[in-house]
Amino acid sequence: PSLPSRGRRCERVMAASKPVEAAGGGGGTGLSRWQLALVLGAPILLGAGALYVWGRRAARRGGKGASERKTPEGRASPGPCGGGGQLDGPGHEETSPLDRAQAAKNKGNKYFKAGKYEQAIQCYTEAISLCPPEKNLDLSTFYQNRAAAYEQLQKWTEVAQDCTKAVELNPKYVKALFRRAKAHEKLDNKKECLEDVTAVCILEGFQNQQSMLLADKVLKLLGKEKAKEKYKNREPLMPSPQFIKSYFSSFTDDIISQPLLKGEKSDEDKDKEGEASEVKENSGYLRAKQYMEEENYDKIISECTKEIEAKGKYMAEALLLRATFYLLIGNANAAKPDLDQVISMEDANVKLRANALIKRGSMYMQQQQPVLSTQDFNMAADIDPQNADVYHHRGQLKILLDQIEEAVEDFDECIRLRPDSALAQAQKCFALYRQAYTGNNPLPVQVAMKGFEDVIKKFPKCAEGYALYAQALTDQQQFGKADEMYDKCIELEPDNATTYVHKGLLQLQWKQDLDKGLELISKAIEIDNKCDFAYETMGTIEVQRGNLDKAIEMFNKAINLAKSEMEMAHLYSLCDAAYAQTEVAKKYGLKPPTL
């Protein structure tokens, strides 16, 4: 919840980073599930922030190494480059043009293996000129081999040109497509590189780590490039009221989110309740608080600005409240100076400064600056050691950094300070569960699962307890019980769109019930039409169904709702992957398996 980009969804994605093997069963790459699948067509389902591989490939083989694609095709054999005249030995008639071309290619292979790439290129060129034009497969091999030699000389334009010839002659030629993809990467032709590597992934059945890694790399580069431009020019967008309320509910020591108190009025007005409205009219901050209680969020930033410009009594509170709403609308650049100012106000209420440090630390984590983030959380603990929020949110940071033992210590301190903190107790259970799950140790997993049971028994009104337990149950393939937990969440929080998305994904993983899954995700959008998670998930499912145009539409909706540049880059990656598939389908008639 300390990350506005996810709200309470953030607690549910913490299992997403467990490294898994490539879809084909090759050695571990350290990539998370979503990185391996990348919506390029491997049957996957998006759940709890991770992509679950759904179903198994018929053939499972280890990942191929790079060396297999470096060598030219065909065995080297003695003989002149041209291979003209007669074969050695009596009784042979004059060789055909194709035989002479093959002989030239074989000589080229010999030069290639000896590292004499210029001579190899001459032989492959001769093979191309000798080969009858109707011999498409042979001719494509000669072009591909010459491209391999050009690759060794780093002549990337020539590599791309020869691979294009090879693919024109043999459209499903994996070696030529992959070599051209690498050449496009070197030439900074990202879109073309992505299309080629997408075709390769589909043709190889997502069995080769090397092509999967290139797809991952180019998608990230494209996503970052597009997000940087789009995010710079985006219109700020206020999240849904449900999202905002969920975000503020994750803080217990946050002065600015508490209802108006008499103490917030001037001394003269404490005993003059009739004049309270006049005070509100004269104080931008108090008007902003009133708008907050009325869920009239669009007016809060402007009212806080009035208080700040007037250097009013509640200037520190106004700076923090304005910064918080800047974060909520995804404007971190505007939020940071306000947070900096509050943190530097040594005479301000320590809880305001600690809250500003939590929010700036969370912002840094969202920007992938964990060192700065950790510094802010540690400073918050130093200046306000009795603030339960500091330990609660730092515990979440530690989970994201995979520092589980330290996370548990922080959750324990939060619970010591606030024994009624159901959220911290649920998240502690989830941290212990994740530690046991990633360690593949059955006994601690059972202990952690028992811990969830204790939490929901002790705090039956804590929706997050049921949600995190449902995630753990899903991991353990206990789908029926997980479904019951999501039903409890919906009963407690009927307006939480995220829960409907998770329940929808469960139907897909459990019963392969596409209709029910999509119905629940559609319900999430009906509840909150600004739920980017729902659009992202629906887009992912539509890719798996082969409805690429619909998927692209859903991803674009999610992109327009993204609350951070990093999140937007991820969504662009998904969208670009889907678009690349449409291009591959048009060019080569290739489509990945669908659900």
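So if I check each of Gln144, Gln119, which one is touching a Phe, Trp or Tyr at 6+ places or on another chain (Cβ under 8 Å), touching a residue at least 40 places away in the same chain (Cβ under 8 Å) and either on the phi < 0 side of the Ramachandran plot or open to solvent by less than 10 Å² (accessible area, probe 1.4 Å) (or both)?
Details: Gln119 fails: touching a residue at least 40 places away in the same chain (Cβ under 8 Å).
Answer to the selection: Gln144.
Mind listing just one residue for me: the one in the stretch 311-322 that is touching a residue at least 40 places away in the same chain (Cβ under 8 Å) and closer than 16 Å to Gln258 by Cβ and, of those, most open to solvent (accessible area, probe 1.4 Å)? Quick ask: steps written out before the conclusion?
Our first condition is that a residue be touching a residue at least 40 places away in the same chain (Cβ under 8 Å); within the stretch 311-322, this holds for 313-314, 317, 320-321.
Filter again for closer than 16 Å to Gln258 by Cβ, leaving 314, 317, 320-321.
On the way: Tyr314: 19, Glu317: 35, Leu320: 0, Leu321: 0 Å².
So the residue we want is Glu317.
Can you name every residue in the stretch 182-194 that is open to solvent by 10 Å² or more (accessible area, probe 1.4 Å) and under 20 Å from Lys591 (Cβ atoms)?
Start the filter on the stretch 182-194 by keeping residues that are open to solvent by 10 Å² or more (accessible area, probe 1.4 Å), which leaves 182, 184-192.
Across the stretch 182-194, the qualifying residues are Lys191, Glu192.
How many residues are closer than 13 Å to Glu225 by Cβ, among the aliphatic types (A, V, I, L, M) and either modelled with pLDDT of 95 or more or open to solvent by 10 Å² or more (accessible area, probe 1.4 Å) (or both) if we restrict to the stretch 565-580?
Qualifying residue count for the region: 1.
Since Tyr588 meets every condition but one in (1) surrounded by 16 or more Cβ atoms within 10 Å (Cβ to Cβ); (2) closer than 30 Å to Pro236 by Cα, which condition does it not meet?
Going through the list (1) surrounded by 16 or more Cβ atoms within 10 Å (Cβ to Cβ); (2) closer than 30 Å to Pro236 by Cα, Tyr588 breaks only (2).
So which residues in the stretch 337-376 are in contact (Cβ under 8 Å) with a residue 40 or more places away in the chain and open to solvent by 30 Å² or more (accessible area, probe 1.4 Å), if there are any at all?
Matches in the stretch 337-376: Asn349, Lys351, Met365, Gln367, Gln368.
Can you give me the number of residues within the stretch 99-110 that are over 13 Å from Glu73 (Cα atoms) and surrounded by 19 or more Cβ atoms within 10 Å (Cβ to Cβ)? Please lay out each step first, then the result.
Initially, the stretch 99-110 is screened for residues over 13 Å from Glu73 (Cα atoms), giving 99-101.
Next cut, surrounded by 19 or more Cβ atoms within 10 Å (Cβ to Cβ) only: 100-101.
The qualifying residues number 2.
When the residues of the stretch 548-564 are narrowed to those that are modelled with pLDDT of 95 or more and under 13 Å from the mean Cα position of the chain (by Cα), which ends up farthest from Phe325 (Cα to Cα)?
So, considering only residues that are modelled with pLDDT of 95 or more and under 13 Å from the mean Cα position of the chain (by Cα), the one farthest from Phe325 (Cα to Cα) is Phe555.
For residues that are free of Cβ contacts under 8 Å to residues at least 40 places away in the same chain and not in a helix (DSSP H, G or I), tally how many sit in the stretch 542-588.
1
Restricting to the stretch 206-224, name every residue that is free of Cβ contacts under 8 Å to residues at least 40 places away in the same chain and either open to solvent by less than 10 Å² (accessible area, probe 1.4 Å) or not in a helix (DSSP H, G or I) (or both). Spell out the reasoning first.
Of all residues in the stretch 206-224, those free of Cβ contacts under 8 Å to residues at least 40 places away in the same chain come to 211, 214, 217-218, 221.
Listed by number, the residues that qualify are Ser211, Val218.
Identify, from the list Val501, Val584, the residue that is of a type in the set (Val, Ile, Thr) and within 28 Å of Val200 (Cα to Cα).
Working: Val501 fails: within 28 Å of Val200 (Cα to Cα).
Exactly one of Val501, Val584 is of a type in the set (Val, Ile, Thr) and within 28 Å of Val200 (Cα to Cα), namely Val584.
Among residues belonging to the stretch 171-181 that are not in a helix (DSSP H, G or I) and not basic (Lys, Arg), point out the one that is least open to solvent (accessible area, probe 1.4 Å). Please lay out each step first, then the result.
Filtering the stretch 171-181 for residues not in a helix (DSSP H, G or I) gives 171-173.
Now restrict to residues that are not basic (Lys, Arg): 171, 173.
On the way: Pro171: 60, Tyr173: 19 Å².
Among those residues, the one meeting the criterion is Tyr173.
Condition test on Gly115, is it touching a Cys at 6+ places or on another chain (Cβ under 9 Å), modelled with pLDDT of 50 or more and in a loop (DSSP other than H, G, I, E, B)?
Working: touching a Cys at 6+ places or on another chain (Cβ under 9 Å): no; modelled with pLDDT of 50 or more: yes; in a loop (DSSP other than H, G, I, E, B): yes.
Judged against the criteria, Gly115 is not a match.
Any residue at all in the stretch 538-547 that's touching a strand residue (DSSP E or B) at 6+ places or on another chain (Cβ under 6 Å) and closer than 19 Å to Leu222 by Cβ?
If we filter the stretch 538-547 for residues that are touching a strand residue (DSSP E or B) at 6+ places or on another chain (Cβ under 6 Å), which is where we start, we get 540.
Within this subset, residues satisfying the condition of being closer than 19 Å to Leu222 by Cβ are 540.
So far as the stretch 538-547 goes, yes, one or more of its residues are touching a strand residue (DSSP E or B) at 6+ places or on another chain (Cβ under 6 Å) and closer than 19 Å to Leu222 by Cβ.
Can you find, within the stretch 323-336, the residue that is farthest from Arg353 (Cα to Cα) among those that are touching a residue at least 24 places away in the same chain (Cβ under 8 Å) and open to solvent by 30 Å² or more (accessible area, probe 1.4 Å)?
Taking the candidates together, the pick is Asn331.
Somewhere in the stretch 297-308, is a residue open to solvent by 30 Å² or more (accessible area, probe 1.4 Å) and of a type in the set (Asp, Glu)?
Yes, the stretch 297-308 contains at least one residue that is open to solvent by 30 Å² or more (accessible area, probe 1.4 Å) and of a type in the set (Asp, Glu).
The values are calculated or read from the model by the stated rules, or taken from the named source; none is laboratory data. Since the model is a prediction, treat every value here as computed from it, not as a measurement. Cβ coordinates were reconstructed from backbone atoms using ideal geometry, including for glycine residues, and neighbour counts include every protein chain displayed. Note: areas computed on protein heavy atoms with side chains; ligands, DNA, RNA excluded. Shrake-Rupley method; radii C 1.70, N 1.55, O 1.52, S 1.80 Å.
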